[in-house]
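Colleague: I have a structure here, written as structure tokens, and I will follow up with some questions on it.
The values are calculated or read from the model by the stated rules, or taken from the named source; none is laboratory data. Values in this document were obtained by computation on a predicted structure and should not be read as measured data. Using ideal geometry, Cβ is built from the backbone for each residue, glycine included, and neighbour counts are taken over all protein chains shown.
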Amino acid sequence: METAVYNLKNEKVGTVNLPDGVFGARWNAALVKQVFDAQRANARSPWAHTKNRSEVRGGGRKPWRQKGTGRARHGSTRSPIWVGGGKSHGPRNDRDYSEKVNKKMRRLAFFAVLSKKMKDGEIKVFEDFAIAEPKTKALAPVLRNILGMGKDIKRFDVLLVANNANENLFRASANLTKTKAINADSLNIYDIMNHKNFFVEKGAVETIEKHYKI
């Protein structure tokens, strides 16, 4: 499929052919959700941790003798039913939340998300993202003009996909709200779905096609 190419002044400067396999794939909501959830689960680091009765301090001596006191039998004050005792069935930091997703599923879900955004008109191809200096004030007016936003609006909601490491772009976008710059070979479903607008360099289109192997 053919689409327009723009410069940073939002002027049309040419066209580019986008691979149908990447930007014209069939939408599969169930697959996209599965891969999206797996990515979030794999990024999860369990930090909540409770101590069981073998980890809490104290409780080495039997509180009272087994028989003859009229009280219930107990072997340790660190039992979960005692105040200060261990916790039964609490969260543990050794839990593994990761989910396995094979490469083909991940690739198909990735193409489905890009194709959906293309169909919805949320993808725009640019000649390049060359900005003069690595400063927010250099990038913000450019994005504001492209998106047709007023000066009072601070939230851009855009993912900038660069072909090569563009230090100026990465540094300039760091302080902009809901704006992220990423290399073409580091794309993932979460970042694409977490940003409404998908701005990509012309050279990055070929990188995406080759890296993710249609």
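Colleague: Can you list the strands (runs of 3 or more DSSP E) found entirely within region 70-185 that contain at least 1 residues being farther than 18 Å from LYS9 by Cα?
Modeller: 155-162, 177-183
Colleague: A further question follows. Residue under question is ILE146, and the condition is that it be assigned by TED's automatic domain parsing to the domain that holds LYS117, farther than 19 Å from ALA4 by Cβ, among the β-branched types (Val, Ile, Thr) and surrounded by 12 or more Cβ atoms within 10 Å (Cβ to Cβ); does it hold?
Modeller: Criteria not met by ILE146.
Colleague: Going by what's in this entry, would ALA138 be described as under 24 Å from ARG44 (Cβ atoms) and assigned by TED's automatic domain parsing to the domain that holds LEU18?
Modeller: The answer is no for ALA138.
Colleague: Right, something else. Write out, first by first residue and then by second, each pair whose Cβ atoms fall under 6 Å of each other, whose residues are 6+ apart or on separate chains, and whose first residue, in region 171-195, is assigned by TED's automatic domain parsing to the domain that holds ALA132 and within 16 Å of PRO134 (Cα to Cα) while the second is among the aromatic types (Phe, Trp, Tyr) and surrounded by fewer than 19 Cβ atoms within 10 Å (Cβ to Cβ).
Modeller: ALA181/PHE170
Colleague: Can you name the residue in region 149-181 that is among the β-branched types (Val, Ile, Thr) and at pLDDT 95 or above and, of all such residues, is surrounded by the most Cβ atoms within 10 Å (Cβ to Cβ)?
Modeller: The qualifying residue surrounded by the most Cβ atoms within 10 Å (Cβ to Cβ) is VAL161.
Colleague: Could you say which residue among SER45, SER54 is in a loop (DSSP other than H, G, I, E, B) and free of Cβ contacts under 8 Å to residues at least 12 places away in the same chain?
Modeller: The match here is SER45.
Colleague: Can you name every residue in region 33-70 that is farther than 25 Å from PRO91 by Cβ, modelled with pLDDT of 95 or more and touching a Phe, Trp or Tyr at 6+ places or on another chain (Cβ under 9 Å)?
Modeller: Of everything in region 33-70, just one residue is farther than 25 Å from PRO91 by Cβ, modelled with pLDDT of 95 or more and touching a Phe, Trp or Tyr at 6+ places or on another chain (Cβ under 9 Å), namely VAL35.
Colleague: May I ask you to verify whether PHE199 is in contact (Cβ under 8 Å) with a residue 40 or more places away in the chain, closer than 21 Å to LYS119 by Cα, in a strand (DSSP E or B) and touching a Ser or Thr at 6+ places or on another chain (Cβ under 6 Å)?
Modeller: Answer is no for this residue.
Colleague: Ok, one more. Is it the case that GLU209 is in a helix (DSSP H, G or I) and modelled with pLDDT under 95?
Modeller: yes
Colleague: Given the criterion under 23 Å from PHE23 (Cα atoms) and either touching a strand residue (DSSP E or B) at 6+ places or on another chain (Cβ under 6 Å) or among the polar types (S, T, N, Q) (or both), identify the matching residue among LYS154, LYS202.
Modeller: Within the list LYS154, LYS202, the selection yields LYS202.
Colleague: Pull up region 13-64, narrow it to residues that are among the aliphatic types (A, V, I, L, M), more than 26 Å from GLY203 (Cβ to Cβ) and touching a helix residue (DSSP H, G or I) at 6+ places or on another chain (Cβ under 6 Å), then point me to the one that is surrounded by the most Cβ atoms within 10 Å (Cβ to Cβ).
Modeller: Only one residue tops the list, namely VAL35.
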